[in-house]
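Everything below concerns the one structure shown next.
The values are calculated or read from the model by the stated rules, or taken from the named source; none is laboratory data. Computed from a prediction, not measured in an experiment: that's the story for all the values here. Cβ: placed from backbone, ideal geometry, glycine included. Neighbour counts: every protein chain shown. Protein only, heavy atoms only, side chains kept; ligands, DNA and RNA dropped before computing areas. Shrake-Rupley method; radii C 1.70, N 1.55, O 1.52, S 1.80 Å.
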Amino acid sequence: MKGCNMRCKWCHNPETWLAKSQMQYIEEKCIHCQTCLISCSKQAIEVVDGRISIDYSRCSACGTCAENCPTKALSMVGETISTNELLGRIEKDIPYFRTSEGGITLSGGEPLQQKEFVKEFMKLCREKEIHIAIETNLSASWETIEELLPLVNLWMCDLKLYDTDKHQHWTGIGNESILQNIRKMGERKIPMIVRTPVIPRVNDTEEEIEKICRFLAPFADSISYELLGFHTLGFQKYESLGMPNELKEEEGLSKERLNALKQILIKYHFIS
């Protein structure tokens with residue numbers, strides 16, 4: 001789902017921030033035929049120092065240049081689709097879901113930003129007996145979450161930082177509602193996977209991970225907890241979308257550092 005209320009500075013999927021289609025340019029695919037220059041009615045594309053340059057402030061994301069690009073160096077990210085169309089696309093995989101005991105995961109972006117679409121789509125999936133998981137930052141109102149509880153088989157949530165001021169700085173919003181919602185789901189024993197993406201210089205300390213473990217420990221019978229090591233595999237997306245990347249010089253988290261922090265999870269019996 002495109003559209004997110006967070007702006008995590010380490011995000012691997014910046015193409016999901018805006019709830020609208022965007023133009024993406026992958027230079028490695030470009031043969032510099034300049035067909036895009038002719039196609040663009042907004043004159044948002046030009047050649048600068050022998051390279052294609054896109055002025056994203058002028059681009060209307062009409063998609064004409066992408067339609068005419070022979071190598072698909074230009075492409076549109078995002079489309080508008082109905083719940084029935086989406087169900088039609090996944091129905092062919094239902095036999096695989098049955099044999100693998102799998103299903104679908106609604107992710108993003110933040111899927112709860114499109115609550116009505118998500119609710120309608122999940123009802124359709126329920127009619128087909130499709131297992132439903134949802135990946136969410138859980139910053140929505142409790143009323144929104146409670147409304148969707150009967151439709152979701154498994155919740156997955158990132159808890160990026162325990163301190164709300166740090167959370168505000170690194171993600172753009174505070175985490176008060178996130179903590180409250182996790183607590184309420186834990187008290188109701190709703191199955192959930194909580195994950196922390198471990199980012200160098202942001203939350204890669206024993207103190208930070210211990211705070212989160214202490215918060216989650218009372219709900220360990222229904223909530224599992226995992227650490228995800230930071231990597232830079234999605235960083236090329238920022239350039240292809242004409243977006244700034246504040247952490248572009250950061251290196252991935254080492255396996256040694258991740259394993260050291262996992263010792264805290266062992267201490268709190270989240271892993272063995």
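Dividing the convex hull volume of the Cα atoms of the chain by its residue count, what figure in Å³ per residue is obtained?
Measuring per residue, one finds 159 Å³ for the Cα hull of the chain.
Find out how many positive minus negative residues lie around Thr144, taking Lys and Arg as positive, Asp and Glu as negative, among other residues whose Cβ is under 15 Å from that of Thr144.
Details: positive: Lys115, Lys119, Lys184; negative: Glu110, Glu116, Glu120, Glu143, Glu146, Glu147.
Here the charged neighbours net out to -3.
How large is the charge dipole for the range 139-271, taken about the Cα centre, if only the Cβ atoms of Lys, Arg (+1) and Asp, Glu (-1) carry charge, to the nearest 20 debye?
The dipole of the range 139-271 has a size of about 360 debye.
Gap in Å between the Cα centre of the range 29-83 and the Cα centre of the range 101-166?
33
Cross-link list Lys20/Lys237; Lys166/Lys189; Lys166/Lys262; Lys29/Lys237; Lys119/Lys166; Lys119/Lys189: which exceed 24 angstrom alpha carbon to alpha carbon?
Lys166/Lys189; Lys119/Lys166
Quick check: the angle from helix 255-267's long axis to the longest principal axis of the chain, C-alpha only, nearest 10 degrees?
On a 0 to 90 degree scale, this one is about 30.
Ordering Asp93, Asp221, Asp158 by how much accessible area each has at a 1.4 Å probe, largest first, what is the list?
Ranked from most to least accessible, the order is Asp221, Asp93, Asp158.
Which angle between 0 and 90 degrees, to the nearest 10, do you get for helix 115-127 versus the longest principal axis of the chain when only C-alpha atoms count?
70
Based only on Cα atoms, what Rg/Rh ratio does the range 31-72 have, Rh being taken as Kirkwood's radius?
0.92
Just name one of Thr99, Ser41, Leu258: the one whose Cα is farthest towards the positive end of the charge dipole of the chain (beta-carbon charges, Lys/Arg +1, Asp/Glu -1).
Looking along the dipole axis, the top candidate is Thr99.
Please report, in debye to the nearest 20, how large the charge dipole of the range 212-272 is about its Cα centre when each Lys and Arg carries +1 at its beta carbon and each Asp and Glu carries -1 there.
Dipole of the range 212-272, to the nearest 20 debye: 260 debye.
Given the rule -39500 (n - 2.57) for each run of at least 4 DSSP H residues, summed and divided by the residues of the chain, what is its mean residue ellipticity at 222 nm, to the nearest 500 deg cm²/dmol?
Only helices count here, giving -9500 deg cm²/dmol.
Express in Å², to the nearest 10, the accessible area of Lys237 obtained by rolling a 1.4 Å probe over the protein heavy atoms while all chains stay in place.
50
In a Gaussian network model over the chain where Cα atoms closer than 10 Å are linked, find which of Leu179, Leu216, Leu233 has the largest mean-square fluctuation.
Leu233
According to the square roots a ≥ b ≥ c of the eigenvalues of the Cα gyration tensor, what is the shape class of the range 59-211, taking rounded for a/c under 1.5, prolate for a/b larger than b/c otherwise, and oblate for the remainder? Numbers along the way, then the final one.
Values: a/c = 2.02, a/b = 1.24, b/c = 1.63.
The shape class here is oblate.
Considering only protein heavy atoms, what is the solvent-accessible area of Cys62 at a probe of 1.4 Å, reported in Å² to the nearest 10?
Here the residue's solvent-accessible area equals roughly 80 Å².
Output the 0 to 90 degree angle, nearest 10, between the alpha-carbon long axis of helix 176-187 and the longest principal axis computed from the alpha carbons of the chain.
Long axis of 176-187 versus the principal axis of the chain: about 50 degrees.
Pick from Thr16, Thr164, Thr71 the residue whose mean-square fluctuation is largest in a GNM of the chain, springs joining Cα atoms under 10 Å.
Comparing Thr16, Thr164, Thr71 in a Gaussian network model of the chain, the most mobile one is Thr71.
With only Lys, Arg, Asp and Glu charged, each at its Cβ (+1 for the first two, -1 for the last two), find how big the charge dipole of the range 96-183 is about the Cα centre; round to the nearest 20 debye. Don't skip to the answer; put the middle values down first.
Details: 9 positive and 14 negative charges, 44 e Å.
About 220 debye.
Return the distance in nm (one decimal) between the two label points of a simple spin-label model at Leu228 and Ser60, each offset 7 Å from Cα along Cα→Cβ.
Here the answer is 3.7 nm between the modelled labels.
Can you give the extra length, in nm with one decimal, that the chain gains between Ile31 and Asp165 once fully stretched, where that is 0.36 nm per residue apart less the Cα-Cα distance?
43.6 nm
Give the carbon-plus-sulfur fraction of the accessible surface of the range 110-204 in %, rounded to a whole number; probe 1.4 Å, heavy atoms of protein chains only.
Whole-percent figure for carbon plus sulfur exposure: 46.
Which value, in Å², gives the accessible area per residue of the range 132-245 when a 1.4 Å probe is used on the protein heavy atoms?
On a per-residue basis, the range 132-245 sits at 41 Å².
Local charge sum around Thr171 (other residues, Cβ-Cβ under 15 Å, Lys/Arg +1, Asp/Glu -1)?
Neighbour charge sum, excluding Thr171 itself: -1.
In a GNM of the chain with a 10 Å cut-off on Cα contacts, which of Ile132, Ile209, Ile90 has the highest mean-square fluctuation?
Looking only at Ile132, Ile209, Ile90, the largest GNM fluctuation is found for Ile90.
Can you give me the solvent accessible area of Thr99 with a 1.4 Å probe, rounded to the nearest 10 Å²?
Looks like 110 Å² after rounding.
Report P(r) for the range 203-272: all Cα-Cα distances, bin width 5 Å, range 0 to the bin holding the largest distance, values in whole percent.
Computed distribution, short to long bins: 3, 14, 23, 17, 13, 12, 10, 6, 2.
Can you give the net charge of the other residues whose Cβ lies under 14 Å from the Cβ of Ser107, counting K and R as +1 and D and E as -1?
In short, -2.
Measure off 7 Å from each Cα along the Cα-to-Cβ vector at Arg183 and Thr99, then give the distance between these two points in nanometres to one decimal.
4.7
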